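Undergrad: There's a structure below that I have some questions on.
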Amino acid sequence: MIPFSVLDLAPVTEGSNATQAFANTLDLAQRAEQWGYTRYWLAEHHNMPGIASAATAVLIGHVAGGTSTIRVGAGGIMLPNHAPLQVAEQFGTLASLYPGRIDLGLGRAPGTDHPTARALRRYFDSAEAFPQDVAELLAYFQPATPDQPVRAVPGAGIEVPVWLLGSSLFSARLAAAMGLPFAFASHFAPDAMDEALALYRRDFRPSARLQAPYAMLGINVVAAGSDAEARRLFTTQQQSFINLRRGRPGLIPPPIDDIETYWTPTEKFGVERALACAVVGDAHTVKEGLEAFVARHRPDELMVTANVFEHEARCRSFDMVAKLRQEMAA
């Protein structure tokens, strides 16, 4: 069976705070390591009260320091917000502290709204230079030459797997051209998934970093004791999407009994389209859904995410998914 990994946003729930969110993140990562997940990735977002992973590299260090075998990385760093040299230094540092365990996923979006992107200073000047910035970043990880005027210290000569992330054909095309692994954000923007996968696999050029295409897909999975309970837990994610689209992002809300009373028909259409790659239900429903998704899209790896309000319920969901993966592999 293909590897399963975890995507975490360090959710800050109503009635909680960032300190508790970080404790929950580390606890889930430690459990995910025991359950056999391959990677634990954290994503860069800014100005989002319900997402505490803004300082992504710092949080990666926290998680890597509290685990021992699971790969820990960024899914992703929004490169236009940063100077490539600084990213190389940060991840060269992480890879020096935790050899063989650090991944660097790169995205092109700002990870926030326009006012915050302006506050970050770099995005609007750098977004169009994304391919050049990726190439510059990769060069910093190469062994330094004696006459090299600028080098990443640490970073030069350190092996850090670099992924490209995306929700469109742009990153799929770039990942194929550069010979890099590709992760598609199908867990919240699945519209171009099939076309992007086909393009990436068709046009992939082998590189020193990767000899054959390797594609990972994001998927929302909420598993519980019954279909009804799982659907109730999933209303947390649905509410969060609605609140964001209403321009009122906030703390992660508790589940509700009837989502139909919360959204308008137009909002329902938009959220269900955005979250189309979701498997929600009891063990039987989730197993069937995962098997169908893998059979249809043939990913090399699945990145599982679950925005569940109560920490133990979230952990139980990931535990169930790990056990179902073993059943699928049998």
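Undergrad: Are any residues in segment 241-290 part of a helix (DSSP H, G or I) and under 18 Å from F318 (Cβ atoms), and if so, which ones?
TA: The answer is A283, H284, T285, V286, K287, G289, L290.
Undergrad: Report, ordered by the first and then the second residue, all pairs with beta carbons closer than 6 Å, sequence separation of six or more or different chains, a first member in segment 1-17 that is surrounded by 24 or more Cβ atoms within 10 Å (Cβ to Cβ), and a second member that is of a type in the set (D, E) and at pLDDT 95 or above.
TA: Listed pairs, sorted by first residue: none to list.
Undergrad: Now for a different question. Which residue, of L164, L180, L210, L174, is free of Cβ contacts under 8 Å to residues at least 60 places away in the same chain, within 21 Å of G75 (Cα to Cα) and in a helix (DSSP H, G or I)?
TA: L174
Undergrad: A further question follows. Considering only segment 54-71, state which residues are in contact with a strand residue (DSSP E or B) (Cβ under 6 Å, 6 or more places away or on another chain) and over 15 Å from D27 (Cβ atoms).
TA: The answer is T56, I60, R71.
Undergrad: Based on what the data block shows, is A196 among the small types (G, A, S), surrounded by 17 or more Cβ atoms within 10 Å (Cβ to Cβ) and over 28 Å from D257 (Cβ atoms)?
TA: In short, yes.
Undergrad: If A224 satisfies all but one of (1) surrounded by 15 or more Cβ atoms within 10 Å (Cβ to Cβ); (2) out of contact with any strand residue (DSSP E or B) (no Cβ under 9 Å at 6 or more places or on another chain), what's the number of the condition it fails?
TA: With (1) surrounded by 15 or more Cβ atoms within 10 Å (Cβ to Cβ); (2) out of contact with any strand residue (DSSP E or B) (no Cβ under 9 Å at 6 or more places or on another chain) applied to A224, the lone miss is (2).
Undergrad: I'd like to check something: does segment 212-220 contain any residue that is crowded, with 16+ Cβ neighbours inside 10 Å and more than 17 Å from the chain's Cα centre (by Cα)? Spell out the reasoning first.
TA: Initially, segment 212-220 is screened for residues crowded, with 16+ Cβ neighbours inside 10 Å, giving 213-220.
So of that shortlist, the ones also more than 17 Å from the chain's Cα centre (by Cα) come out as 213.
Looking through segment 212-220, at least one residue is crowded, with 16+ Cβ neighbours inside 10 Å and more than 17 Å from the chain's Cα centre (by Cα).
Undergrad: Which count do you get for residues in segment 213-240 that are under 20 Å from P253 (Cβ atoms) and part of a helix (DSSP H, G or I)?
TA: Within segment 213-240, residues that are under 20 Å from P253 (Cβ atoms) and part of a helix (DSSP H, G or I) number 13.
Undergrad: Are any residues in segment 126-161 among the charged types (D, E, K, R), touching a residue at least 40 places away in the same chain (Cβ under 8 Å) and farther than 13 Å from T93 by Cα, and if so, which ones?
TA: Kept after step one, since they are among the charged types (D, E, K, R), are these residues of segment 126-161: 128, 133, 136, 147, 151, 159.
From what is left, the residues that are touching a residue at least 40 places away in the same chain (Cβ under 8 Å) are 133, 136, 159.
Those that are among the charged types (D, E, K, R), touching a residue at least 40 places away in the same chain (Cβ under 8 Å) and farther than 13 Å from T93 by Cα: D133, E136.
The values are calculated or read from the model by the stated rules, or taken from the named source; none is laboratory data. Since the structure is predicted, the reported quantities are computational estimates derived from the model, not experimental observations. Cβ sites come from the backbone with ideal geometry, for glycine too, and all protein chains shown count toward neighbours.
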